[in-house]
1. Does the range 151-188 hold any residues that are in a loop (DSSP other than H, G, I, E, B) and either polar (S, T, N, Q) or within 16 Å of the ligand (Cβ to nearest atom) (or both), and which are they?
2. Which count do you get for residues in the range 74-83 that are in a strand (DSSP E or B) and among the small types (Gly, Ala, Ser)?
3. Quick one: count up the residues across the range 119-157 that are farther than 15 Å from Ser177 by Cβ and of a type outside the set (Asp, Glu).
4. Tell me which residues, restricted to the range 103-120, are of a type in the set (Lys, Arg) and more than 19 Å from Leu79 (Cβ to Cβ).
5. (1) touching a strand residue (DSSP E or B) at 6+ places or on another chain (Cβ under 9 Å); (2) farther than 19 Å from Val89 by Cα; (3) surrounded by 15 or more Cβ atoms within 10 Å (Cβ to Cβ): which one isn't true of Ala101, the others all being true?
6. Answer yes or no: is there a residue in the range 31-48 that is modelled with pLDDT under 95, loosely packed, with under 14 Cβ neighbours inside 10 Å and closer than 16 Å to Val173 by Cα.
7. Of the numbered conditions (1) modelled with pLDDT of 95 or more; (2) surrounded by fewer than 16 Cβ atoms within 10 Å (Cβ to Cβ), Ala151 satisfies every one except a single condition; which is it?
8. State all residues of the range 84-141 that are over 22 Å from the mean Cα position of the chain (by Cα), more than 16 Å from the ligand (Cβ to nearest atom) and in a loop (DSSP other than H, G, I, E, B); if no residue qualifies, say none.
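The values are calculated or read from the model by the stated rules, or taken from the named source; none is laboratory data. Keep in mind it's a predicted model, so treat the numbers as computed, not measured. Cβ atoms come from the backbone with ideal geometry, glycine included; neighbour counts cover every protein chain shown.
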Amino acid sequence: MDKSTGKAHGPAGGQRNQRGRKKVHGIGLVMLGAAAVLVLTGLFLAARWQYLPGMTGRPGAGGSSRTPVLRVSPGTYELGQVSQAKGIVTVELATANGGEADLVIREMETSCGCTRAALIVDGKEGPWFGMRGHGEWPVGWSARLRPGERAVLRVQYDPDAHGIYRGPIDRIVIIYSNDPQQPQAQVRLSGTQVP
Ligand SMILES: [Cu+2]
């Protein structure tokens with residue numbers, strides 16, 4: 001009985017051990033694969049987040065760090081068809097401090113002389129900021145938004161700035177603030193200029 005079972009268990013045990021080793025090896029591979037998938041997913045999400053349409057800024061302040069968070073919505077403004085005959089287009093974008101410390105915006109800048117931006121805080125419109133090096137530059141201005149406070153970013157596009165032009169419009173407004181995650185936040189205006 002003992003001998004027979006011993007014999008029976010001998011090779012069987014060996015097989016089990018071999019299978020066991022194979023299993024461990026297999027589990028190792030599966031875990032490696034899972035880790036790789038997790039890392040890749042994380043990288044993919046991190047890369048995608050920068051291109052999420054409709055909003056600049058992070059979804060939540062989160063954690064215990066008390067920092068300001070600049071939010072501008074939409075992050076890309078679709079001007080659609082801009083008629084040169086109709087002249088300057090003015091748009092307004094919702095802006096807010098989504099963080100837990102005062103947000104200080106000290107300067108703005110646009111990518112082209114045809115575009116300018118001003119911030120409206122408490123109903124008071126700040127100076128117009130355009131392309132750096134073109135025209136007069138506002139100095140000594142800054143705006144402070146308390147946590148949760150909203151403001152309006154007013155942006156103007158002048159279709160006559162480039163003479164007669166037909167075609168795509170792609171302009172950027174840069175907002176300089178003390179948001180540690182995006183000290184130079186970019187807001188985009190896009191559209192198509194038509195007669
Ligand atoms: Cu321009």
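1. The initial filter retains those residues of the range 151-188 that are in a loop (DSSP other than H, G, I, E, B), namely 158-160, 162, 164-166, 178-183.
Matches in the range 151-188: Asp158, Pro159, Asp160, His162, Ile164, Tyr165, Arg166, Asn178, Gln181, Gln182.
2. First, the residues of the range 74-83 that are in a strand (DSSP E or B): 76-83.
Next cut, among the small types (Gly, Ala, Ser) only: 80, 83.
So the count comes out to 2.
3. The number of residues fulfilling the criteria is 21.
4. The first filter runs over the range 103-120 and keeps only residues of a type in the set (Lys, Arg), leaving 106, 116.
Answer for the range 103-120, where residues must be of a type in the set (Lys, Arg) and more than 19 Å from Leu79 (Cβ to Cβ): just Arg106.
5. Every listed condition holds for Ala101 apart from (1).
6. First, the residues of the range 31-48 that are modelled with pLDDT under 95: 31-48.
Filter once more, keeping what is loosely packed, with under 14 Cβ neighbours inside 10 Å: 31-48.
Adding the requirement that they be closer than 16 Å to Val173 by Cα leaves none.
No.
7. Failed condition: (2).
8. Result: Ala85, Lys86, Asp122, Gly123, Gly126, Pro127, Glu136, Trp137, Pro138, Val139, Gly140, Trp141.
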